[in-house]
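Okay, structure first, notes after.
The values are calculated or read from the model by the stated rules, or taken from the named source; none is laboratory data. Because the structure is a prediction, the values reported are computed rather than measured. Note: ideal-geometry Cβ built from the backbone for every residue, glycine included; neighbour counts use all protein chains shown.
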Amino acid sequence: MLLNPDLLLAYLAAATLLALSPGPDTMFVLASSASGGPRNGIAATLGIASGSVVHASAAALGISALIAASPVAFEVLRLGGALYLAWIGAQAILRLWRGLSESAGAMTRAQVSTRVSFRRGFVTNVLNPKVAIFYVAFLPQFADVSLGHVATQIFLLGCIHNAIGVVWLTGLAVASGRMTQALARSSRTRAWLDGTAGAVYLILAARMIFLERRAT
């Protein structure tokens, strides 16, 4: 048996509550769905999930512990992730500005591909050092040393948390994406949805810069 059943039950309850809590991943998926519909929201979800697998692997191998112990590595990841989010947000705001500067009948909207949405979700998740530190602090509490294979247990626990998050975020992406599709009957409305998504990305970037600093 790889996981302690009693610890696993407690972990499932905690992981589910954490997955359902509003956070950066939720905001990112909502923004992706608003600008590109359900498919883009799902693609962003899968990108985030892939990034979480990287973090689970890093936690199991001890790499995340090194990041947690290194102020320089933490800051590099944090600022890199913030700049990437700011770049995505600026692109969306620029599309809004260009769209509104055109005549209503001639407005066009550049659709973000699902591949781009996947890549954005993956990169922003991997570059978030808070996820790495969270896995280091949270997952080992539910690993049973007496069962051995602690690294494998940590990896599996990370994958379980990831799977719960995928189910929740996918449902959120479908629901919010369909709602925005129903609202976006005109090019002007779609442009404003792009702008709203851009504002969310900029808020996430500012949050990462000003609120997610390393505790000292």
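Does Ser70 meet the test of being out of contact with any Phe, Trp or Tyr (no Cβ under 9 Å at 6 or more places or on another chain) and among the polar types (S, T, N, Q)? Yes; evaluated as a whole, the condition is true for this residue. Checked against the criterion of being surrounded by fewer than 16 Cβ atoms within 10 Å (Cβ to Cβ), modelled with pLDDT of 90 or more and assigned to a helix (DSSP H, G or I), the candidates Ala14, Ala49 yield just one match: Ala14. Pull up region 157-216, narrow it to residues that are at pLDDT below 75, buried (at least 20 other Cβ atoms within 10 Å of the Cβ) and out of contact with any Leu (no Cβ under 7 Å at 6 or more places or on another chain), then point me to the one that is nearest to Ala59 (Cα to Cα). That would be Leu193.
Scan region 141-156 for residues that are buried (at least 17 other Cβ atoms within 10 Å of the Cβ), in a helix (DSSP H, G or I) and of a type outside the set (Val, Ile, Thr) and the total you get is 4. Just so you know, in region 91-106 the residues that are under 25 Å from Ser32 (Cβ atoms) and small (Gly, Ala, Ser) include one that is modelled with the highest pLDDT, and it is Ala92.
Table: residues versus (1) touching an Asp or Glu at 6+ places or on another chain (Cβ under 8 Å); (2) touching a residue at least 24 places away in the same chain (Cβ under 8 Å).
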position	(1), (2)
Asn4	yes, yes
Gly23	no, no
Asn40	no, yes
Ile48	yes, yes
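Within region 118-136, the set of residues being more than 10 Å from Gly47 (Cα to Cα) and of a type in the set (Val, Ile, Thr) comprises Val131, Ile133, Val136.
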